[in-house]
Structures are given as structure tokens and as C-alpha cells.
Amino acid sequence: SILITLNILHAQQNSNKMPPSIEASKDEPVKYTGDLTPDKRFHDGLLPHAVGVHQFQVMRANRSHPPERGESEAQGWTYNHQPYLAYWNDRFYYQYLSNLYHEHGAPGRTLLMTSDDGFHWSDPIVVFPQYDLPEIKHEEYVIPAGTKSVMHQRMGFYVAPNGRLLTSGFYSFCASTRHSPNAGNGLGRVVREIYKDGTFGPIYFIRYNRHAGWNEDNTNYPFYKKSEDKGFVEACEALLADKLITLQWWEEDRAEDGFYAINPGDVENADYFSANIVTSRGAGKAFCFYERPDGVLVGLWKNQYAALSEDNGKTWTKISQNPTLLTSGAKTWGQRTEDGRYAIVHNQSATMRNRFPMAVLVSDDGHIYEHLYSLSGEVPQKRFQGAHKNPGLQYFRGIVPGNGNPPGDHLWIVHSMNKEDLWIARVEVPVVAGVPDHVNQNFDDLDDVTVLSSWSLYVPKWAPVSIVQDPIGRTRCLELRDEDPFDYAKVERIIPDSKNLEVQFSLNPVVVSRGYALEIEVQDQRGKRPMRLRIDENTLGVDHRGIEEKLVPFETGQWHDIRLVMSCEKQSYDLYVNGVKEHSGLPFQDEMSVLQRIVFRTGPYRNFEDLQVIDGQPDCTGVLSEDQAGADEKVPLCVYWIDDIKTKGE
């Protein structure tokens, strides 16, 4: 506990630590110096978990019962990816692109959702609809007229100096799912305004890919200068003039007309932007940036690339690879947090390929990153077939500087899951992996789970977590519901390091209607699992090395008091139910030195080695034989109530 308290104080006292000079840090702009590395066998990498991560599913893909609105929705679109976030006029805005089945598989479009609190979201509505292409003739392919476009964009929103909110997209095409829509051949970038009442302005092109032959004469939307709304035109021209923000566009554009601050045609950057590196290794892709305490900007791209700028993005040092930033091919997001420290959220990958865990590096100065934590290691089974649908949490994005700042001191991150579902995470700041005090939690004075700042929540749409009123005898309690055939609800509370630990809580299995059960575990911060309680219909079970011990009668619809007395010295624990010792000296499954967190979960534990995933079809055949059976339908409801959670230890 003393070490944890010192860690928090260190985070607060060293938030303005100065980095080395730009000259001293340009060859490695970002450097991780910690000794933790992820374990590829586990979705959380067996990394310590950050405290207070509230992760909510924003959109659950459904092929049979589409959540989308805005076009004919006889069938849901199950490739959903590349989200963006903004906060404007007291509302959150969430943009993402979508294809019917596959990555880079037509048809494609872009959708938008809104929220007042960041947790409860509107249904997605189409903001950039499907686009009919003219005939495209190429020496390697011909695309017939009327073929649908796909979309690809590395920027979602822009709040202009005049207060207007623009949303942006990029129309392109793919000759096959192996063809890249972001290789410089697409049509161009479109924008439209989002009004305060939630409606949208007309769609305009703001920049054509003129070098690829696209212009006002062969595209379906007018150029932005045709608008009679002077405020909209002013907002567009402010965006075009911002060379830092528009550097996000380079990947789809790739023009050599001098528009971009960094251009692959520049001699000084030729080594870093050669065609093979750009295409296969990711230099120049998925740009984001943050400002160090000395005013120097750090630019981050995919695949470990970074550079520095001391003139607000007008010029940059040569782009370098950061060997300690072990990213996969997914996006990296970096920002300055509200406490003056820095966070880089990415897939710190043990294999440089897997897109888990959702990891965060934490730094005092924006250059040296000493701490590595898992923000989430939850990866449910992929439900729908589709080409290039990498399993995992990926494509992390926060709020770009200038696009709003929600109330509070939190770090907000959006991401996709398995490239089919969309999520948001709110992370407590400072980002730490320990707490100084034990748990003494009831829910009597609470109305919403989002105030549980010391708890981490994993909340699918079909497995919600909430605070409810017990109509008989008790006041308020924590409720975990589950109707999801492929996922579960999970709540986790980190506790101070304890060699000897006592855990108490009250539990009411209100409805237990199927094979899924509530599981309770006490773990350490590297994921060792010495024990498990399992609540089935009318029984409580424990496991020890895969062997079920004596089952304890456990009525549904009734409150039960549970107490665990755990000893790392004895490597065993005792179980009390309603004051009766039901088990004594149950051996730990894993050898433990300390105990550090308690977990409640409405489904069985999963990790990478246990999870079976589907690979999908290699092209756009439309064959759906590999979709998971029952993916679109809820299963019978389970409901669990939890209250009066207490721990003490030493």
C-alpha cells in the first residue's frame, strides 16, 4: 500500500518533468524503459491492470436485426471499424466506417452515433452513404460503372475556429479485398457539417485526388466552394490551412503537390517513405500527435514510427522507428492526460501481429515511458466471417486536440473489437495499477455504475451492469445481467497487495437460466488465478486444479453471505457461506506471493490459447457459412445481484 501511494504521488509531482532536447531525442522520440513485456498466450498479456477502466460496447453488430439507420437496412453490416471521437456542445460524437462483410469489400459507408454521457449511445445513422462509381479502367483491372465504393479515412472530426463541427470521410474503391483504398488512387475527401440540432449539412468534396484523375467533373458531390454558407466555407478553409491536422489525410491522398508538411517525394524523407515501407510497414499511416512540456510535438504513426516538430507541424525531424514501442499493424494513439502526464494506447504486442492487449504506456515527460499496463484484455469470439478481420481490440483513438474536452479528468478511448463491434473506454487519471485502500463498498447512495471510479467495468450491450433497487429488504445493489451468447459482463476491483486476505460480499443469483454461470475469482496483478467460485442454478461450486469439490446448496432468488479467508503463506483458502465453513484448506491452483484483485464475471474465463476464432472468406463471395450460429439472437437471461463488498488484508 505504501508503494502504491508513492506511485500515485509520483504521478502527481512529476507531471511536468522536462524531456531531453529535440536533438537528443529525435532518433528515438518515444522510448519504453520498463521491464514488463506481454505474454502472447493471454489477451491481457498478463500485464498489471490499470485502475478504473470503464469499457462499454457502443454498437453490437447484428446481421439479422440491424442497429443502423439511414439507408435500407434489410441486412446488418458486420464489418465495422476505424472509429473516431469528438466532444462538441456538451455531446459526444462517434464516427466509424462500415462494409457489408469484409475489410476493403464494397459496399462501404460511414456512420455516426451521439451520446450525452459517453456510455449510452444513439443508434448509428449513415452520414456518408454508399457511392456509385463511374467506370474505372486500369492496366490491371476494370471496375464497371455503378460499382459501389468503399470508404477509408484516418480523420473523423474537425471543430473549426468559428465553432462549426465538420465530419470527414474518404471515398475510394477496391478491385479486390487485396487492393488498398488508401494507396492514393481514391476519389477524394468529403466533408459535411453537423448542426447543433443533430441534422447534417450537404456533402461536399473538400479535396480531390486530382493526381489520380478525380475532379469536379467526374464525382457526385460538389466542391466545398460551391456552398452558399459562408461559415461552412470558412470552416473548410481553416481545415485546409491547418497542416498539422491535415497530415492525417496523407495516407489516402499521397499527392506530391506540396499540400502536406511531410511528403514521400521529399528527398530528405525518401528513406522513410519509400513505397515498400509505406505500404507494408506503415510509415505515414494513421498519424496522431501530442505536445511535450517543452512545446515540441511528437508525431506517431503505425508500426513504431515517430518524429518531432518544434514549429507546430510545419517541419519535422526525420521519421524514426522506436524499437521499444512494440506495436502490431494497428493504430497507435498518444496524448497528454489531464494530470500533465502522457499516455500511449496501443497493442503492445508480444508477436508484433496480435491485436491485444489494449495496453497503455505512461510517461512523465512524453519521451521516456516507464510504466506499461493493460487497459483491457477482453476479446470475445468473433461472430461473423469476413476477410482481414483481425481478432482483438484495435485502432485506438482519443479526442484530437481541438475537438473538445469532456468534463472530468478522464482519458477517453474508442476502438473496434474484432472489426465488427464498437466500444468506448473511460480511464481514470492518473493512470496507475494500484490502490492504497481496501474495499468497503455498498451501493446505497449511488445511482449509476460510472461513479465507481476504483472499479473496472466491461459492459457489452447484451450484458449490462447497473445499480438497481432490491424491492425486498435491501436498498441498492450492483446488478450483472447477461443475454449474450458470445460475451459476458465483468466487474473488477484492484486491492492493495495482500499476503493474507479476507473477502466478504453478499450475492443473490436472481435468475440462473442456462449453462452460463457467475464466476468469482481472486487474482494477482499478473493474472494468476488461485481459485474460482462458480454459481450455477441452486449450487455453488469451487474448483481445484480442474477437479470440482463438494457443491454447496445455493438457492436462487435469495441473498447469501460469502466469506473467503485466503493465505499465501499456506497457499490455501477457506470458504464460508452464510456463516458456515463449507470448505477448509482448499489448495491454490497457482502458487501466489500476493493477492491483488477480485473479479465477478458472468461467463467462463477465456484467454488466447482457449479461444477459437473463425478466419472468414478470402474474398467478397458473400458466403456466410462460417458465421457463428445464434450470433444475432439473445439467449435466456441471467441476473446476479452483488452487495456489501469488503476486503481486509496484510
Set the Förster distance to 45 Å, then compute FRET efficiency between Ser454 and Glu23 from the Cβ-Cβ distance, nearest 0.05. 0.60
Suppose every Lys and Arg Cβ carries +1 and every Asp and Glu Cβ carries -1, with no other charges. What dipole size does the chain come out with about its Cα centre, to the nearest 20 debye? 760
If I stretch the segment between Phe486 and Thr324 completely, what's the gain in nm (0.36 nm per residue apart, minus their alpha carbon distance), one decimal? 54.9 nm
Positive end of the dipole of segment 175-232, charges at C-beta (+1 Lys, Arg; -1 Asp, Glu), about the Cα centre: which of Asn218, Ser176, Gly231 has its Cα farthest in that direction? Ser176
Which value results when the Cα radius of gyration for segment 162-237 is divided by 2.2 N^0.38 Å? 1.21
Determine ³J(HN,Hα), in whole Hz, for all residues of segment 641-650 in sequence, where each value follows from phi through the Karplus function 6.51 cos²θ - 1.76 cosθ + 1.60 and θ = phi - 60°; x replaces Gly and Pro. 10, 10, 8, 6, 8, 9, 9, 8, x, 8
Please list Thr199, Thr37 in order of solvent-accessible area, largest first, computed with a 1.4 Å probe with all protein chains present. Thr37, Thr199
Computed for segment 548-604: size of charge dipole around the Cα centre, +1 on C-beta of each Lys and Arg, -1 on C-beta of each Asp and Glu, debye to nearest 20, value 140
Which residues qualify? For Glu256, with a placed amide H closer than 5 Å and at least 5 residues away or on another chain, they are none
From the residues Ile472, His583, Met531, which one has its Cα farthest along the dipole of the chain in the positive direction, the dipole being from +1 and -1 charges on Cβ of Lys/Arg and Asp/Glu about the Cα centre? Met531
Accessible surface of Asp448 in the full protein assembly, 1.4 angstrom probe, to the nearest 10 Å²? 50
Starting from the Cα of Lys40, draw a straight line to each of the lysines and keep only those under 23 Å, dropping any in the same chain fewer than 8 residues away. Lys31, Lys302, Lys331, Lys382, Lys389, Lys419, Lys490, Lys528
Taking 7 Å along the Cα-to-C-beta vector as the label spot, tell me the Lys243-Thr33 distance in nanometres, rounded to one decimal. 3.3
Using a cut-off of 23 Å between alpha-carbon atoms, which lysines can reach Lys230, once sequence neighbours fewer than 8 places away in the same chain are excluded? Lys196, Lys243
Qualifying lysines (Cα of each under 16 Å from Cα of Lys550; at least 8 residues distant if same chain): Lys581
Zone residues, segment 197-232, relative to Lys137, backbone N less than 19 Å from point 7 Å out along Cα-to-Cβ: 212-215, 217-219
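Of the listed peptides 247-255, 25-33, what is their order by residue-averaged count of other C-beta atoms within 10 Å, with the highest listed first? Don't skip to the answer; put the middle values down first.
Details: 247-255: 23.3, 25-33: 19.2.
Peptide ranking by packing, descending: 247-255, 25-33.
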With viscosity set to 1.002 mPa s at 20 °C, what whole-number translational diffusion coefficient in µm²/s follows for the chain from Stokes-Einstein and a Kirkwood radius over Cα pairs? 83
From the phi of every residue in segment 27-44, what ³J(HN,Hα) in whole Hz does the Karplus formula 6.51 cos²θ - 1.76 cosθ + 1.60 yield, where θ is phi - 60° and glycine or proline is x? 6, 8, x, 10, 9, 8, 10, x, 9, 8, 9, x, 9, 5, 7, 10, 5, 8
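Starting from 0.36 nm per residue, how many nanometres of slack lie between Ser593 and Ala145 once their C-alpha separation is accounted for?
154.6 nm
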Helical contribution to [θ] at 222 nm, DSSP H n ≥ 4, -39,500 (n - 2.57), averaged over the chain, rounded to 500: -1500 deg cm²/dmol
What's log10 of I(q)/I(0) for segment 411-518 at q = 0.14, 0.17, 0.19 Å⁻¹, Debye sum over Cα points only, no solvent? -0.73, -1.05, -1.24
How large is the direction-averaged shadow of the alpha-carbon convex hull of segment 8-109, in nm²? 12.4
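By how many nm would the segment from Ala175 to Asp217 lengthen if fully extended, with 0.36 nm per residue of separation less the alpha-carbon distance?
Here the answer is 12.9 nm.
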Calculate the FRET efficiency for Glu338 and Arg529 from the Cβ-Cβ distance with a Förster distance of 35 Å, rounded to the nearest 0.05. 0.55
Could you work out Rg/(2.2 N^0.38 Å) for segment 473-545, with Rg from alpha carbons only? 1.24
Rule-of-thumb check for segment 538-600: C-alpha Rg over 2.2 N^0.38 Å? 1.17
How far is it, in nm, from the label point at Glu537 to the one at Arg563 when both lie 7 Å from their Cα along the line to the Cβ? 3.2
Rolling a 1.4 angstrom probe over the protein heavy atoms, how many square angstrom per residue are accessible across segment 74-231? 38
Given charges of +1 on the Cβ of Lys and Arg and -1 on the Cβ of Asp and Glu, with all other atoms neutral, how large is the dipole of segment 105-237 about its Cα centre, in debye to the nearest 20? 280
Would you check the accessible area of His438, probe 1.4 Å, heavy atoms only, in square angstrom rounded to 10? 50
Sequence order, segment 143-154: Karplus ³J(HN,Hα) from phi using 6.51 cos²θ - 1.76 cosθ + 1.60, θ = phi - 60°, Hz rounded, Gly and Pro as x, gives 10, x, 4, x, 4, 6, 7, 10, 10, 7, 8, 9
Before I look further, what does segment 457-529 give for accessible area per residue, probe 1.4 Å, in whole square angstrom? 30
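Tell me, what is the percent relative contact order of the chain, built from C-alpha pairs under 8 Å that lie six or more residues apart?
Numbers: 1736 pairs, mean separation 106.3, N = 650.
Worked out over the chain, it gives 16 percent.
The values are calculated or read from the model by the stated rules, or taken from the named source; none is laboratory data. Predicted model only: the values in this text are computed from it and were never measured. All Cβ positions, glycine included, derive from the backbone under ideal geometry; neighbour counts span all protein chains shown. Ligands, DNA and RNA are stripped out before the accessible areas are found, and what is left, the full protein with its side chains, is counted by its heavy atoms. Shrake-Rupley method; radii C 1.70, N 1.55, O 1.52, S 1.80 Å.
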